[in-house]
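The block underneath contains the structure these notes are about, expressed in structure tokens.
The values are calculated or read from the model by the stated rules, or taken from the named source; none is laboratory data. Note that this is a predicted model, so its numbers are computed, not measured. Glycine gets a Cβ as well: all are built from the backbone with ideal geometry, and neighbour counts include every protein chain shown. Just the protein is used for accessible areas: all its heavy atoms, side chains included, with ligands, DNA and RNA removed. Shrake-Rupley method; radii C 1.70, N 1.55, O 1.52, S 1.80 Å.
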Amino acid sequence: MSQPFVAVRHDAVTIELMLPAAHASPAKELANTFRANALEAISAIELHASFIQHCVNCGSSKVALAVFDTFRQTYDTATNDIHIVIQAHGLDEAAARRVLKGYFSAWPIVNSHIIPSFIGAGARLPALFTAESNGLMAMFGGQ
């Protein structure tokens, strides 16, 4: 049996996520309630990361993990650091912040469900993502 696709949309951007059947129905409900917090057009990577954050904020940890896993597969963050992925996509500061916030919003869930070596035993959510008032703290140049 093939895995179902869940479409997530914002303006002209649509991402299709192949999720395990057990998570497809709740993911579709979350996709229907999702509204990206951006007035401007966003890229597929931003939409994907923002949807991860939406799943986390709605308390759907199993769906958030499944969507996070599709993000890891799509953007190869298991091999490449998320900052390298962001740089490769040429994202501006606002877009990079949106991707990082979405990606790291799943950090506590991933830390408690995935093999600890994936992110390191005892890893905590970075301080950069714990306060809304934080501004740009660092830019990664890929040196």
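What are the pairs, 6+ residues apart or on separate chains, where a residue within region 52-78 that is free of Cβ contacts under 8 Å to residues at least 40 places away in the same chain has its Cβ under 6 Å from a residue that is open to solvent by less than 30 Å² (accessible area, probe 1.4 Å) and of a type in the set (Phe, Trp, Tyr)?
Qualifying pairs under 6 Å: HIS54/PHE34.
Quick one: how many residues across region 61-96 are hydroxyl-bearing (Ser, Thr, Tyr), within 17 Å of ASN111 (Cα to Cα) and either touching a His at 6+ places or on another chain (Cβ under 9 Å) or in a helix (DSSP H, G or I) (or both)?
Result for region 61-96: 2.
Only one residue in ALA106, ALA7 is touching a Leu at 6+ places or on another chain (Cβ under 9 Å) and buried (at least 20 other Cβ atoms within 10 Å of the Cβ), so which one is that?
ALA106
Can you find, within region 53-85, the residue that is least open to solvent (accessible area, probe 1.4 Å) among those that are more than 12 Å from the chain's Cα centre (by Cα) and more than 18 Å from ALA31 (Cα to Cα)?
VAL85
Looking at (1) in contact (Cβ under 8 Å) with a residue 60 or more places away in the chain; (2) over 15 Å from the mean Cα position of the chain (by Cα), which is the one condition that is false for ARG98?
Every listed condition holds for ARG98 apart from (2).
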